[in-house]
Every structure is written in C-alpha cells, then in structure tokens.
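Before any comments, here is the structure.
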Amino acid sequence: APGPFHNRGKAARWLHQARWALVYLWSQGLINRRTGTVRDGLTRRCRVVGGPLTYTEGEVADAYVQMGAALHDKSYFAYARRFLDYTMWAASGMSRGHVLQEYCESRPARCHGLRQFDVSSFKGIFVQAAADYDLATDSELYRPWLETQAAAILGRAVSDGARHTSCANPHSCEFGLYWSRYVAPGSAPVPVSLASQTSALQALTAALAG
C-alpha cells in the first residue's frame, strides 16, 4: 500500500476521499493553490466568505503534506509550501516580525468578539503543519521559523497570570494568544485558555523536535 497505510482496501478509499476533498475545496474557490490562500467557508448560496485564518492555512498545508507522504509525490509538497510560505509572509497579515499571528491581531480589537476559545487554538494547527512538512520531506526548511516562534512565545506570551515573567515556576506558567507582541494579561482581549496553552506547547515541542 502507498505511504503509511497497511490496509490496501482502506488506503484506496481514504486516498480517494482525500483527493476528492482537495478538488472540492479548489473547485469551490475555497483554496487557491497558486497564491496559497484559503477562505474560511461558503454561504448557503455558495459564496466564499471569511479568512484569512492561520488554522485554515495550516489544515490545507498539512493535507497536502500528508498526501505527498502517502503517495510519495513531491508535487503535493510544493503545494503545501505555497500555503505555509504565504502565511509566513508579512503581507498576509498573519506574520509580524516573522512571528505568527491571527489576522485579527493586527486590528484595533485584537480578536475581541471572535469565538475566543477557537481562535486561541488556531496557531498551533499551523505550526504543526510546518513541523509535519519538515518531517515528511526529511528537511529542516522550517526549523529556523519554528525556533523563532518558540523564542517569541517564551519572550512575550508567557505570564504567571498577572504579569509578564520568565516563568521560572512551571506551576504558574500561562501561555496567551499573542506571540508577536506583548499584551498584558489583565488587558488581553482574548484571555488565556486551554486552547492558547495547547497552541504554545505545540510550537515549543515542534522547535525541540527538530
């Protein structure tokens, strides 16, 4: 069976479904493989809406990574890079000083009003896609970027719940949403949550794994 699959029958069905899903997203205008951009969804009248969001970029990039690994087809990795590189590009609105951010973080409300638990988990999904790319291609293309994210988190996103700190005591460590700039815990529009903690830990683990 191709790639990581051990059951040929199931592998064929899974790969067929995965191909169909990617073709559907492309045919509906939800993803643009040339520019590396992703829209968030469709209205009832099938009009594309929403985006950019780091998690949709990460989901699509990782889908191409996994297809490339399963089929041993480098063309999928090339598509994955377009989505990863676009998000890391400052002009996308999702990168500030080479550090990942949600597009809404650059706006005055800094993501206030969104589904806060959801948005706090988004960056971890994208970071995982970058780490998966390096693993699948046996490269270190995104390792410097992953290390930059880890350094930013430890320098800006960590607190003891009340003040900015180096977090010497692991029992009081909290990781917030904002990696690209320091936002005081007491005034952060999006508070610390399990989701923001998980995203930060995904990035820290990815930086160590290389």
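Values quoted throughout were computed directly from the atomic coordinates according to the rules given, and no laboratory measurement underlies them. These numbers were taken from a predicted model, which means no experiment stands behind them. Note that we place each Cβ from the backbone using ideal geometry, even for glycine, and neighbour counts take in every protein chain shown.
What to note about this one:
- For segment 128-190: relative contact order, % (alpha-carbon pairs under 8 angstrom, 6 or more apart): 26
- Here segment 95-145 was treated as a single set of alpha-carbon atoms; its pair distances binned every 10 Å from 0 give 22, 43, 25, 10, 0 percent.
- Principal-axis tilt of helix 116-137 within the chain, Cα atoms, nearest 10 degrees: 50
- Between the Cα long axis of helix 54-71 and the first principal axis of the chain there is an angle of about 40°, rounded to the nearest 10.
- Each part reduced to its alpha carbon centroid, segment 51-84 and segment 119-160 end up 15 Å apart.
- Calculated SAXS-style log₁₀ I(q)/I(0) at q = 0.09, 0.12, 0.14 Å⁻¹ - the chain, Debye, Cα scatterers: -0.37, -0.64, -0.85
- Packing rank of 82-89, 53-60, where each peptide gets the mean count of other beta carbons within 10 Å, highest leading: 53-60, 82-89
- Helix 143-152 axis versus longest C-alpha principal axis of the chain: approximately 30°, rounded to the nearest ten.
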